[in-house]
Amino acid sequence: FAKIEISVSKPIIPFRETVIRPPKVDMVNEDLGRQQKVAVIHQVKEEASQARLSDTLHLGPDGLVTLTTPNRQALVSVRAGPLPPEVTGLLESSSELIRTLELMNMSLREGRPMDVNPGTLEDIVKLKDQLKSLFQGRKWRNAVERIWAFGPRRSGPNILLNNIKEYSRPSVWQCLDPAGAEAAVLRDLDNSIISGFQLATLSGPMCEEPLMGVCFSIERWDMLSSANPVAPPEQRDLMEEYSNTLEVSQSTSEEMTSGSNKAEQRFDSASADCYGPVSGQLIAATKEACRHAFQAQPQRLMAAMYTCDIMATAEVLGRVYGVLGKREGRVLLEEMKEGTDMFLIKAVLPIAESFGFADEIRKRTSGLASPQLVFSHWEVINSDPYWVPTTEEEYLHFGEKADSENQALKYMNAVRRRKGLYVEEKIVEHAEKQRTLSKNK
């Protein structure tokens, strides 16, 4: 119609990033021991050194990440961990209710009255009670009352907890008890911590996809009084060079003296404001602390899954299973329909593997099987995208690259390549080898 060429990109497939409990065995069922924890600590420290955060970042053996702002005026300690799957599912299904809860809290802080349906208040109280019943164990004691915020976009399936002993701020349920909320006082820059958490959960460190089912716990938050903020090394070198130049070319004229004084005043003001406002530094520090705390735990990728309903005859069941197995599908149920020779197969299939699935299954079964795909849930991919073979048995089983069966690594690199992020891969494996091409005469 328009007589123009249309460039169509590949379909954009959504993923989620999460953390799991530390596994006890690796991909070949060998005992991990402490090797994974040591490898994670080395990985976080290496990435921190590349980002020039090594002097302000400290990673403890228990996964506690402590980060200081560049001007050394604020310090934040964060620990990350997985949420129970039931809590994650409840938060995901209650996103609209959580968004209403956030609007009520905002109007309460601003002193503006907000008319709320009594049924909505009952649903919020019910949500709070359900969370209390799902948070079981000593680790989650009083966790519901210590919820600082939800994220991303203030209504997602991730939680920020307040574990600071000397800071008893109102929780997200303050709209249910306005009298008690007025007694508690918010610290200055409280919203900067929340903003850093929102940014960290909106794009994770694996492939800049949103986080899901992660709990970040703020263990410490100190504001260090510093009258003279420290300038960065580059600016300190520039100031020293400038002062040395002034000493060498010092003149007795009044114009030179006044000019040097003005220049020194400009450098003093620039050194004081070189890092920007403290609120912005605290947002960046909280975001980086959350990202490094996430990386200190076993990371996994979550794939969107389809529920696949297939009706097929007994003659083509084997071919249907072959297509499902080729596309990482998993059969959940198989039953025969009464009074017919048709079988009803229920399976789950990753969305990333579903393109062209219907055409392939019809071709392989000569039209005797017809699938129906409906979005179902998010599922954790079991393989570790950062796992590399280390023992002799692993090299024999997976090879030196170990990239043939790691589905999570394939998905992660595809997303990073689409977003223009760095992808760690060898383009030329043996660049020093000579390649000789001889012609057959």
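How far apart, in nm, are two points set 7 Å out from the Cα along the Cα-to-Cβ line at residue 414 and at residue 117?
4.1 nm
Fewest first, what order do 415, 374, 388 take by the number of other Cβ atoms within 10 Å?
Values: 415 20, 374 8, 388 14.
Taking fewest neighbouring Cβ atoms as first place, the list is 374, 388, 415.
Treating only the Cβ of Lys, Arg, Asp and Glu as charged (+1, +1, -1, -1), what charge dipole size does the range 301-418 show about its Cα centre? Round to the nearest 20 debye.
Numbers: 14 positive and 18 negative charges, 123 e Å.
The calculation lands at about 580 debye.
Using a Förster radius of 41 Å, what is the FRET efficiency between residue 328 and residue 185 based on their Cβ-Cβ separation? Nearest 0.05, please.
Working: r = 52 Å, r/R0 = 1.28.
Computed FRET efficiency for residue 328 and residue 185: 0.20.
How would 58, 292, 377 line up from fewest to most surrounding beta-carbon atoms within 10 angstrom? Walk me through the numbers on the way to the answer.
Values: 58 16, 292 26, 377 13.
Going from least to most buried by this count: 377, 58, 292.
For residue 224 and residue 139, calculate 0.36 nm times their separation in residues minus their Cα-Cα distance, and state this gained length in nm to one decimal. Please report the intermediate quantities before stating the final value.
On the way: separation 85, 0.36 × 85 = 30.60 nm, distance 2.98 nm.
The residue 224-residue 139 span can extend by a further 27.6 nm.
Suppose R0 equals 60 Å; then what is the FRET efficiency for residue 55 and residue 311 from their Cβ-Cβ distance, rounded to the nearest 0.05?
Working: r = 63 Å, r/R0 = 1.05.
Given R0 = 60 Å and the Cβ-Cβ separation, E is 0.40.
What number, in percent, do you get for the relative contact order of the range 95-219 if the mean sequence gap of Cα pairs under 8 Å and at least 6 apart is divided by its residue count?
After rounding, I find 27 percent.
For a quick check: sort 76, 8 by the number of other beta carbons within 10 angstrom, fewest at the front. Write down the numbers at each step before the final one.
Working: 76 24, 8 5.
Taking fewest neighbouring Cβ atoms as first place, the list is 8, 76.
Which entries of 346/410; 139/346; 165/287; 165/419; 126/419; 363/419 show an alpha-carbon separation above 30 angstrom in the structure shown? The partial results should precede the final answer.
Numbers: 346/410 26 Å; 139/346 38 Å; 165/287 21 Å; 165/419 41 Å; 126/419 40 Å; 363/419 34 Å.
Over 30 Å Cα-Cα: 139/346; 165/419; 126/419; 363/419.
Please give the contour-minus-distance gain from residue 107 to residue 388: 0.36 nm per residue of separation, less the Cα-Cα distance, rounded to one decimal in nm.
Taking 0.36 nm per residue and subtracting the Cα distance, the gain is 96.1 nm.
Every number in this text was worked out from the coordinates using simple rules, so none of it is lab data. Keep in mind the model is a prediction, meaning the values are calculated, not measured. Ideal geometry is used to build each Cβ from the backbone, glycine not excepted, and the neighbour counts take in all protein chains shown.
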